[in-house]
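I have placed the structure first, in the form of structure tokens, so that the comments after it can refer back to it.
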Amino acid sequence: MPQIRNLLEDKGFYRIPLKKLKSGHYKFSAKINSISGDFILDTGASTSCIGFNSISYFFLKSEESSIKAAGAGAINMKTKLARNNNIAIGYWSLTKIDFVLFDLSHVNEALLQVEEEHVHGIIGADFLKRTRAVIDYGRNCFYVK
């Protein structure tokens with residue numbers, strides 16, 4: 001029986017390793033606008049997000065937003081938008097990706113409590129859908145096309 005990896009790679013999917021954290025989250029590295037960062041993969045997040053404190057780090061051009069963010073115990077958080085960015089993971093890349101920008105300190109505080117490193121952002125369902133992502137929890141990886 002063929003392995004899922006072979007099936008997906010034969011269909012043009014790119015494999016991305018994930019690191020399982022003590023918190024139960026899955027983390028991976030990516031480059032946003034050619035700058036390396038660490039991100040949580042979160043199927044429950046509707047949109048991909050980057051923390052306010054990483055706006056200048058990734059050279060993001062932010063604009064005002066009326067969207068209010070909620071999640072991980074926080075509600076009604078003010079946000080900004082960063083449009084038309086690039087993301088690269090290994091040899092794979094995608095252009096014209098938008099990010100919601102908001103305060104991720106509550107996320108990073110939770111990671112710190114379990115002795116994990118901070119993250120720059122969260123990659124959510126918008127990205128997963130656009131890239132036709134397939135997550136292989138058994139092998140701690142995901143595939144994008």
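The values are calculated or read from the model by the stated rules, or taken from the named source; none is laboratory data. What you see is a predicted model; the values in this text were computed from it and never measured. Reconstructed Cβ throughout: ideal geometry from the backbone, glycine too, with neighbour counts over all protein chains shown. What goes into the accessible areas is simple: the full protein's heavy atoms, side chains included, and nothing from ligands, DNA or RNA. Shrake-Rupley method; radii C 1.70, N 1.55, O 1.52, S 1.80 Å.
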Extreme residue, surrounded by the most Cβ atoms within 10 Å (Cβ to Cβ), among residues of the range 110-145 that are in contact with a Ser or Thr (Cβ under 8 Å, 6 or more places away or on another chain) and over 14 Å from S46 (Cα atoms): H120
Tally the residues that are of a type outside the set (D, E, K, R), in a strand (DSSP E or B) and farther than 23 Å from V144 by Cβ, restricting the search to the range 78-111. 2
Going residue by residue through the range 96-109, is there one that turns out to be over 27 Å from D10 (Cα atoms) and without any contact (Cβ under 8 Å) to a residue 12 or more places away in the chain? yes
Search result, residues across the range 18-47 that are within 14 Å of W92 (Cα to Cα) and either surrounded by 14 or more Cβ atoms within 10 Å (Cβ to Cβ) or of a type in the set (D, E) (or both): F28, S29, A30, K31, I32, N33
Within the range 1-51, residues without any contact (Cβ under 8 Å) to a residue 40 or more places away in the chain and among the hydrophobic types (A, V, I, L, M, F, W, C) come out as M1, L7, I35
In the range 52-67, how many residues are open to solvent by 80 Å² or more (accessible area, probe 1.4 Å) and in contact (Cβ under 8 Å) with a residue 60 or more places away in the chain? 1
Considering only residues of the range 1-17 that are over 16 Å from G138 (Cβ atoms) and in a helix (DSSP H, G or I), which is most open to solvent (accessible area, probe 1.4 Å)? D10
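Yes or no, residue by residue, for (1) touching a strand residue (DSSP E or B) at 6+ places or on another chain (Cβ under 7 Å); (2) modelled with pLDDT of 95 or more:
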position: T79; (1), (2): yes, no
position: I87; (1), (2): yes, yes
position: W92; (1), (2): yes, yes
position: K96; (1), (2): yes, yes
position: F99; (1), (2): yes, yes
position: F102; (1), (2): yes, no
position: S105; (1), (2): no, no
position: A110; (1), (2): no, no
position: V114; (1), (2): no, yes
Test: residue in the range 55-77 that is outside any loop (DSSP other than H, G, I, E, B) and at pLDDT 95 or above: no
